[in-house]
Structure formats: C-alpha cells, structure tokens
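Read through the structure below, which is laid out as structure tokens, and then see the notes.
The values are calculated or read from the model by the stated rules, or taken from the named source; none is laboratory data. Worth saying up front: this structure is predicted, and the values here are computed from it rather than measured. Counting neighbours? That spans all protein chains shown, and the Cβs are built from the backbone with ideal geometry, glycine included. For the accessible areas, the whole protein counts, side chains as well, though only heavy atoms, and no ligand, DNA or RNA atoms are used. Shrake-Rupley method; radii C 1.70, N 1.55, O 1.52, S 1.80 Å.
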Amino acid sequence: MNAVVRTTCPYCGVGCGVNVHTDIDPNRIQVSGDQQHPANFGRLCVKGSALADTIGSKQRLLHPHIGEQRVSWDQALDETATRLQNVIREYGPDAVAFYVSGQLLTEDYYVANKLMKGFIGSANIDTNSRLCMSTAVAAHKRVFGSDTVPGCYEDLELADLLVITGSNMAWTHPVVYQRIAAAKAERPSMKIVVIDPRRTATAELADLHLQITPGSDGYLFDGLLAWLVMHLAIDTDFILKHTDDFVATARSSRQRSGDLLTVAERCGLDEQTLRTFYHWFADTERTVTVFSQGINQSASGVDKAGAILHCHLATGRIGKPGATPFSITGQPNAMGGREVGGLANQLAAHMDIDNAEHRDLVRRFWQAPAMPTRPGLKAVNLFDAIADGKVKFVWIMATNPVVSMPDADKVRAALAQCETVVVSDCVADTDTLRLAHIRLPAAGWGEKDGTVTNSERRISRQRAFLPLPGESLPDWKIITDLAHRLGYAEAFAYTCPADIFREHAELSAFDNNGSRDFDLSGLTSLSNTDYDSLVPVQWPIREHSPDGTSRFFGNGHFFTSNRRARFIDGAPQPAAQQCDANFPLMLNSGRIRDQWHTMTRTARSARLLQHISEPFIELHDKDMSVLGLNHGDLVQVLSRQGSCIVRAQEQSGQTPGTAFMPIHWNDVFASRARVDSLIAPICDPVSGQPAFKQTPVSIDKVALRWHAILISREALPLPDNRYWCRRPADNWEVVSLAGDLTVSAAMLKKLWQDQVTDWAELEDSYGHTVRLVGYRHAMPVCWFALQPEPPRIDESWLLEALDRNDLSALQLARGAPSSGADCSALVCSCHQVREAKIFSAIADGCDSVERIGACTRAGTNCGSCIPDLRRLLTTNTVPEALC
Ligand code: SF4
C-alpha cells in the first residue's frame with residue numbers, strides 16, 4: 001500500500017467519507033469508510049464498499065468525438081463553440097440550453113451556471129435535481145424564505161419520535177438508516193413511524209407503519225395540523241413571535257380535513273392507527289420528520305412538503321436538537337447544485353432570478369455582460385422545447401435523461417431530431433450518448449478534485465487519486481475551455497478547482513451581511529493548500545463560526561423579508577392520475593439497494609448485480625393470482641405513455657392494486673425496461689418536479705416458447721427474442737433471454753461462428769432443450785442453455801468452472817455441480833451469503849441478526865442487508881435452494 005486518500009462517496013446524498021488505499025496497481029486499490037467523517041463515522045453501504053470495482057479505463061469514453069470520428073479537444077470544442085454561437089446569432093440565447101446533474105462537483109456546477117446565466121445570457125440551465133429535489137427547494141423557499149435544511153443527521157439520532165415519509169432509507173440512504181438503527185438499539189424507547197404505501201426494508205425498524213393509499217400523504221399532514229390545533233398541541237408563543245398566516249391556514253386545514261375518521265378513510269388507514277400517530281406526534285417534543293421522493297415526486301409535492309413544515313412550525317419543533325423537518329437528498333451533490341443555482345429558476349448562492357436586487361448583485365460580482373431577466377425552462381419544459389424545435393442546441397453533462405426523464409421515449413425522439421446534442425460523460429455508452437453529435441470525455445470519481453455538499457449541508461472534498469484516463473478532462477476544465485473560445489477568457493481564468501471554490505465562497509458573502517442563509521464567508525481566503533486539506537464542514541461558515549453551523553432557525557429568525565416563517569395555505573390533492581378498467585394497477589418507481597441511477601457505474605461491479613440482476617415489477621400475491629402469474633414470469637407493463645417487459649415478482653409488502661418498478665434499467669442493459677417510458681410528464685405546478693410515484697398501468701403475461709441463459713467472454717449477437725437482460729460477471733457477460741420464435745443449435749452455431757471454433761452440444765430430439773459449450777483454442781468462450789422454463793444454474797460454480805477449464809463439456813453443460821448447489825436468492829452481497837444458508841442458520845438456533853452474522857458472516861461488513869436479515873427472521877417460507 002502506498003497511501004490513503006480521504007475522499008467522498010459519489011452516490012447518494014448521505015455523503016459518506018471514503019478512505020482510498022492507493023496502490024501502483026489500480027486493480028489493488030481498496031476502499032473503506034472514513035472513521036473521522038461526521039456523516040458515516042467509518043460505515044459504508046454495499047455501493048460504497050464496491051467503489052473499487054467501478055474504477056479504471058474499461059467501458060470509458062476516452063477521447064472526444066464528432067459523430068463517429070475521433071477528434072482532438074481543439075476540434076471538438078471549436079465545433080461546439082461554433083454551433084453554439086451560430087444558434088445564438090440566428091435564434092437568440094434562449095435557443096440553447098445546458099442540462100446538468102447532481103453528479104457534478106460544486107466547482108463544475110458553478111462554472112456551467114455562470115457561463116449560461118452570466119455570459120450566454122439565458123437561464124436555460126436545469127439539472128436532474130429537478131427530478132428529485134426541486135419540490136423541497138420550493139417548499140423551503142415558500143415557508144422559510146430560503147432553501148434551508150434546518151437540521152442535521154445527529155437530529156435523527158436524538159429524536160424521540162422519528163417520522164420517515166416517502167423514503168425507503170434502508171436502501172436509498174443506508175448509512176443514515178444504520179445510524180438510526182444503532183440509535184434505536186441503544187435507546188429502544190425511541191419511536192419510529194414509517195409512512196409508505198409499500199412495506200419496504202425501512203419498515204422493518206418501525207414501531208408503526210402507516211401503509212397509506214398512494215398519494216394521500218398530503219391529507220395525512222394537513223389533517224395532522226388540524227388535529228394539533230384542535231388538541232391545543234401547538235407552540236402558541238413560537239407561532240406568534242416567528243410566523244405569519246397561521247390562523248388562516250389552520251382554519252383551512254380544519255375545514256378540509258373534517259374529523260379523524262374522514263382523514264383515516266382518505267389515507268386508507270384505520271382510525272385507531274391514525275390516532276396513535278397523531279398522539280405520538282402531539283406528545284413528543286423531540287420529533288424529526290424525514291421526507292424524500294415519496295413527497296417530492298408528486299404533482300402537488302410543494303403543498304405536501306409545506307404541510308410537513310407547517311406541523312413543525314406550529315409546534316415550534318425546528319432547528320432544535322432532535323426536533324426538525326429534514327429533507328434528505330438523493331444525489332451526492334444535489335445540495336451543491338442548489339448552492340450554485342443549478343436550477344433554471346435560481347441564481348448562484350441561493351439567490352433568485354426573478355429578484356431584481358439579486359440579479360444586480362450577481363451581475364456586479366461576475367461583471368456579467370448578459371444576465372437573463374426571467375427563469376429558464378425547467379427540465380420537462382426544456383425537453384418539450386427541444387421537441388418543438390425552440391431549443392436547437394443542448395449540452396447534457398453527467399446525466400442520462402433518455403432513461404431518467406418522464407415520458408422518456410418522447411425525450412429520446414426530441415434529442416434525435418435536435419440540431420446539436422453535446423454530451424459530456426465519463427462512460428462510453430449510455431442511451432443519451434447514442435444520440436450525441438459531439439461526445440466529450442469527462443473525468444470520473446477518483447480522477448477529479450472538488451467539493452460536494454450532502455443532505456445536512458456538509459461540504460466535503462472529493463479528491464483525485466488516479467491519473468486522468470485517455471484524454472478525459474474534469475468538467476470545470478471542459479466548460480472553462482469552451483468559455484475561452486466564446487470570448488470570456490478573463491471571467492473564466494481558473495487554473496484549478498480551488499480558484500473556483502474561492503470565487504463561489506466570495507459570491508456567497510458578497511453584500512450578504514446575514515441577509516442570506518448560504519454564506520461561506522469564512523472560506524473566502526482559503527489557500528490552495530487549505531483547500532486541499534479542507535475537512536468536512538457544515539455551512540454557513542462565517543468568521544464567528546469557522547467550524548460551521550449544525551442547525552438553523554432555533555432562534556426563530558427566518559429569511560423572509562420580515563424574518564418570519566410563512567404558513568402557506570395549500571389544499572392537498574389526490575394522485576394526479578387514477579386507475580381505471582384499462583389501467584387497474586397503480587405503479588410506484590424507485591431505487592433498489594445495490595444499484596445507482598441508470599447503472600452506468602454500479603453495473604460495472606459484478607458483485608452489485610448479484611443481489612437483483614434483472615428488471616422486475618413487484619405485485620401483491622393477490623394480484624399475481626388474479627393475473628395468473630407465477631414469480632419470475634415475464635410480463636408486459638403498459639401505461640398510457642409506453643410499455644416495458646420485466647419479470648413479475650410476488651411481494652407481500654405491496655398493497656393489493658399497487659405495483660413497484662426500479663428506475664435503473666435502460667437500453668444498454670435490457671431490451672425494454674426503462675420505467676420512465678411509462679411515466680406521464682405531469683409536474684408540480686410550483687416546483688416543476690415530475691410525479692414519478694403514481695402511474696396507472698396494466699399487466700399481461702408475455703407468451704414465450706423458450707427461456708435461455710448465455711454466458712460469454714465477449715458480447716455475442718443475440719438470436720431473435722422478446723426479452724434480454726445483460727450484466728457483467730467478472731471475466732464474463734451473462735445474458736438472460738426469452739423468445740417465441742424457434743431457435744436451434746444449428747442457428748446459434750452459425751450466429752456465433754466468428755467467435756467460436758469448436759462446439760460441445762446437447763439437444764433433445766425435438767429441439768426444446770439446447771445446451772452448448774463453445775470453445776476457441778481449447779478454451780471455453782461461451783455457454784448456452786435454452787429450455788421451455790427458465791434454466792436454473794449455480795452461476796458462481798459455473799463461472800469458476802469455465803475459468804478453470806478443467807471439467808468435461810458434459811459436466812459443464814449441466815450448469816451446476818452434481819450435488820450441493822445453492823440457487824436461492826443472494827442476501828449479503830459482501831460475503832455472498834444466500835437465503836438458504838441464512839434459513840439453515842435460523843433453523844440451527846440463530847435468533848438474532850448478530851447470531852446470523854456470527855454464523856454466516858451475512859450483514860457483518862457494510863450492513864446493507866441487515867433489514868433483509870430481520871425480515872428473514874420473521875418469515876416462515878423457506879426458499880427452494882437447489883438448482
Ligand atoms: Fe455512498 Fe452508501 Fe454512503 Fe450513500 S450511504 S454515500 S451510497 S456509501
């Protein structure tokens with residue numbers, strides 16, 4: 001080992017500190033949790049633990065391209081600048097747009113925003129944070145006068161009542177969830193309420209799970225405010241001193257909500273359960289409400305988030321230890337993007353584009369020649385404008401909107417006919433890159449330097465520990481080089497990320513004097529060395545608080561013009577779309593434990609694809625039965641927007657009539673599984689955030705004649721099929737296939753004749769079952785099994801056997817050892833422990849998570865599977881284990 005570099009995980013908004021143990025050989029780099037980082041204190045979830053699997057130059061975009069032609073950076077940027085200038089000259093600055101990402105570092109984000117809003121003169125820069133956080137931003141600004149997260153992670157541990165709504169934290173923010181689980185284990189009197197239409201892994205820790213009707217969360221919190229008022233469980237002193245418009249809002253809530261039974265019925269709950277929750281909330285001074293995508297991704301999300309903030313304001317539970325509302329962010333730098341004004345309706349440093357004073361302040365600071373006077377296009381409107389031909393040039397940075405935007409097929413069609421699409425990314429192939437006219441290779445995690453801000457306002461350094469692969473460059477450098485070509489060299493004279501960070505800090509302090517929440521005045525004079533050694537710190541960082549600030553608003557001072565918080569009357573709405581006879585099931589979408597966003601990085605880790613390896617739709621047992629489905633059947637999911645083919649999975653945690661699909665799969669990894677192609681572009685009218693959580697769908701079983709598995713050293717052409725899904729597995733690629741047209745051994749051998757020289761073949765006389773092992777120079781290069789039902793194999797045994805090449809073709813063709821194979825579901829990705837082994841440990845007397853860990857090692861590394869272990873401890877159904 002050479003050295004340890006302290007950096008930050010690039011995935012979720014927890015923002016865990018990572019120690020990278022570097023080595024001359026990049027294959028021997030290791031990661032571990034940073035014990036000193038205040039977000040995780042040494043913990044990492046399974047995604048963070050697998051970071052070393054995702055680095056290196058394989059599958060990377062390494063050189064600039066115009067069309068299919070590899071070009072120099074000068075050619076690529078000259079062409080980009082020329083096309084941009086031509087469009088502006090002919091159609092004006094609003095005919096160009098940037099679409100950026102919460103994956104960018106703050107310094108990248110700052111430069112992109114400055115170029116568009118201060119120099120190109122348009123506000124058409126929006127970010128994929130529009131899809132996950134813009135609702136929380138809008139709600140904070142309406143109620144607090146600023147986009148401020150008042151609390152910190154410690155509050156979640158200090159709370160006596162923790163309400164988690166619209167978040168499967170156990171899978172989406174695993175390390176914060178582990179901190180909560182540890183706090184509850186230490187202090188079992190701490191109560192946890194989970195509000196979610198699904199029973200997820202998060203609910204395993206809950207004292208009370210409110211399995212509400214999808215979309216009814218607004219009624220729940222509106223009703224809570226009315227109930228708190230009626231039972232005099234409010235902090236009148238705080239309300240009178242520090243808020244406006246309470247009486248009118250409380251009266252409206254009371255009129256809308258009716259009695260407790262009415263609220264309970266609207267939410268699909270029984271009255272007693274709802275009363276218990278309301279009593280707990282009323283009686284518990286130290287209450288924290290954590291909210292995330294279930295609230296944000298709604299057509300009335302701003303009112304829902306506002307209803308949560310109201311309940312905390314009415315009880316004065318804000319900005320105090322263990323008492324606060326807490327919006328938890330999805331992406332590693334969603335907060336950094338908000339700080340630099342990455343949203344089309346924001347200016348840098350938490351200022352507003354529709355505020356003339358703010359515009360003037362930023363213009364003076366930047367010496368900007370061309371400030372826009374009105375907000376730009378929000379994400380959905382931006383891609384509509386591309387489809388309509390109004391935006392003719394778009395630069396997409398570090399994101400994959402063809403997969404992640406609602407109405408994703410329309411987004412793809414829009415980009416396909418756009419005059420110029422520039423995409424900068426660190427990977428070689430995404431659904432969006434396939435549509436780019438100009439491809440720019442960007443540096444990835446471990447190769448670039450900068451800062452990110454996590455959900456609790458904590459700024460941490462991401463540090464480089466690898467050389468830049470190929471010709472890739474950090475995003476800030478690419479944008480800066482373009483700015484120079486556009487004639488703005490003086491304003492973009494940055495030589496390193498520290499230059500940009502200092503300017504960002506100076507802008508936050510410029511004419512601030514305590515008038516704005518975002519203030520880094522204590523960091524404006526950081527030297528390059530100070531920047532290099534910057535320790536994680538929570539903003540605001542001012543001269544009198546150089547070590548940062550944990551909480552806001554404990555003193556009752558807000559950032560509205562009169563310094564008082566505002567109650568904003570907003571009537572909660574039901575789900576924007578309702579089910580009907582044609583689309584009878586309500587589809588929810590979200591993340592799974594081991595994947596990140598559109599899989600561009602996590603799918604490089606074979607380990608992370610073992611937990612769940614194919615796209616799926618979860619359905620309640622009753623709906624499976626009504627639809628005549630078995631677990632694992634391939635189904636077509638149809639909405640008013642589009643269709644997908646995925647595997648049906650029985651999941652008792654679903655409410656009957658509802659379904660769930662993951663957001664991750666895309667056209668690079670599966671034939672037709674982009675869930676966002678099903679989702680309508682219906683947005684919250686204030687925030688512009690799309691409603692991803694409630695889409696009416698129908699489901700039909702796909703008629704198939706065969707199912708197959710192909711394992712090959714390199715990607716092979718596939719026979720005619722209805723479905724495929726591919727994933728890496730160390731030295732191999734594994735593809736699941738299914739189809740309805742006849743496939744024979746002879747057809748396959750012809751299809752793969754360029755890659756394979758010798759065959760071992762087993763085929764039944766009717767061609768229903770085919771097993772092939774293909775060799776090249778006496779080494780196995782592919783393995784194929786086709787049969788009427790999905791083949792069951794012991795994959796780890798088979799891959800090892802193929803690598804060793806010491807078994808006969810006949811032995812290999814079986815796909816499993818003659819005895820002892822375990823094909824049950826993988827639970828612990830770190831130690832490769834499957835369900836059957838865990839059930840066997842439970843049968844042998846292991847009656848706790850700790851005992852299972854001691855016996856099998858499951859759950860003893862990153863802890864991401866601990867909620868699953870808890871579930872298995874209470875499950876009686878033992879899975880089929882043998883292949
Ligand atoms: Fe990364 Fe996991 Fe920490 Fe999120 S919880 S920052 S994914 S290690």
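Observations on the model:
- The condition of being assigned by TED's automatic domain parsing to the domain that holds residue 394 and either aromatic (Phe, Trp, Tyr) or without any contact (Cβ under 8 Å) to a residue 24 or more places away in the chain (or both) does not hold for residue 28.
- Residues that are surrounded by 22 or more Cβ atoms within 10 Å (Cβ to Cβ) and closer than 30 Å to residue 410 by Cβ, drawn from region 437-477: 439, 440, 441, 442, 444, 475
- Selection count where residues are farther than 14 Å from residue 616 by Cα and either among the polar types (S, T, N, Q) or open to solvent by 10 Å² or more (accessible area, probe 1.4 Å) (or both), scope region 659-679: 3
- Of all the listed residues (643, 652), the sole one being out of contact with any Cys (no Cβ under 9 Å at 6 or more places or on another chain), open to solvent by 20 Å² or more (accessible area, probe 1.4 Å), without any contact (Cβ under 8 Å) to a residue 40 or more places away in the chain and not basic (Lys, Arg) is 643.
- Strands (runs of 3 or more DSSP E) within region 770-839 that include 1 or more residues over 27 Å from residue 863 (Cα atoms): 770-776, 779-787
- Residues in region 166-178 that are within 10 Å of the ligand (Cβ to nearest atom), part of a helix (DSSP H, G or I) and not aromatic (Phe, Trp, Tyr): 169, 172, 174, 175, 176, 178.
- Members of region 269-287 found to be in contact (Cβ under 8 Å) with a residue 60 or more places away in the chain and not acidic (Asp, Glu), listed by number: 273, 274, 276, 277, 280, 281, 284, 286, 287
- Restricting region 596-621 to residues that are out of contact with any strand residue (DSSP E or B) (no Cβ under 6 Å at 6 or more places or on another chain) and under 19 Å from residue 648 (Cα atoms), the residue that is farthest from the ligand (Cβ to nearest atom): 620
- Filtering region 148-176 to residues that are open to solvent by 10 Å² or more (accessible area, probe 1.4 Å) and either out of contact with any Pro (no Cβ under 6 Å at 6 or more places or on another chain) or not assigned by TED's automatic domain parsing to the domain that holds residue 304 (or both) leaves 154, 157, 160, 166, 168, 171, 172.
- Here is the figure for region 11-42: residues that are in contact with a Phe, Trp or Tyr (Cβ under 7 Å, 6 or more places away or on another chain), open to solvent by 10 Å² or more (accessible area, probe 1.4 Å) and within 16 Å of the ligand (Cβ to nearest atom) total 1.
- So residue 551, is it touching a Cys at 6+ places or on another chain (Cβ under 9 Å) and not hydroxyl-bearing (Ser, Thr, Tyr): yes
- Hits in region 231-268 (condition: free of Cβ contacts under 8 Å to residues at least 60 places away in the same chain, surrounded by fewer than 16 Cβ atoms within 10 Å (Cβ to Cβ) and of a type in the set (Asp, Glu)): 259
- Test result for residue 700, modelled with pLDDT under 95, more than 30 Å from residue 384 (Cβ to Cβ) and of a type outside the set (Lys, Arg): no
- Exclusive hit being outside the structural domain of residue 364 (by TED's automatic domain parsing) and either open to solvent by less than 10 Å² (accessible area, probe 1.4 Å) or farther than 27 Å from residue 450 by Cβ (or both), set 510, 553: 553
- Per-region count, region 522-548, residues hydroxyl-bearing (Ser, Thr, Tyr) and crowded, with 17+ Cβ neighbours inside 10 Å: 2
- Residue that is most open to solvent (accessible area, probe 1.4 Å), among those in region 76-116 that are within 21 Å of residue 427 (Cβ to Cβ) and in a loop (DSSP other than H, G, I, E, B): 103
- Selection over region 43-59 of residues that are away from the ligand (no atom under 11 Å from the Cβ) and either at pLDDT 95 or above or open to solvent by less than 20 Å² (accessible area, probe 1.4 Å) (or both) gives a count of 1.
- Breaking point among (1) surrounded by 17 or more Cβ atoms within 10 Å (Cβ to Cβ); (2) away from the ligand (no atom under 16 Å from the Cβ); (3) aromatic (Phe, Trp, Tyr), for residue 73: (1)
- Sole residue being at negative phi, open to solvent by 40 Å² or more (accessible area, probe 1.4 Å) and in contact with a helix residue (DSSP H, G or I) (Cβ under 8 Å, 6 or more places away or on another chain), chosen from 724, 759: 759
- Against the list (1) closer than 30 Å to residue 730 by Cα; (2) away from the ligand (no atom under 16 Å from the Cβ), the condition residue 90 fails is (1).
- Listed by position, the helices (runs of 4 or more DSSP H) inside region 277-380 whose residues that are open to solvent by less than 10 Å² (accessible area, probe 1.4 Å) number at least 3 are 301-314, 334-340.
- Taking the conditions (1) buried (at least 16 other Cβ atoms within 10 Å of the Cβ); (2) within 30 Å of residue 258 (Cα to Cα); (3) not β-branched (Val, Ile, Thr) in turn, residue 571 satisfies each one other than (1).
- Within the span defined as region 518-529, every residue fails to be at pLDDT below 95 and either closer than 27 Å to residue 154 by Cβ or in contact with a Gly (Cβ under 9 Å, 6 or more places away or on another chain) (or both).
- Among residues of region 589-613 being open to solvent by 20 Å² or more (accessible area, probe 1.4 Å) and either over 18 Å from the mean Cα position of the chain (by Cα) or assigned by TED's automatic domain parsing to the domain that holds residue 101 (or both), the one that is farthest from residue 825 (Cα to Cα) is 607.
- Close pairs from region 714-738: first touching a residue at least 40 places away in the same chain (Cβ under 8 Å) and closer than 14 Å to residue 786 by Cβ, partner open to solvent by 50 Å² or more (accessible area, probe 1.4 Å) and of a type outside the set (S, T, N, Q), Cβ under 7 Å, at least 6 apart: 722/740; 738/722
- Exclusive hit being open to solvent by less than 80 Å² (accessible area, probe 1.4 Å) and at pLDDT 85 or above, set 829, 840: 840
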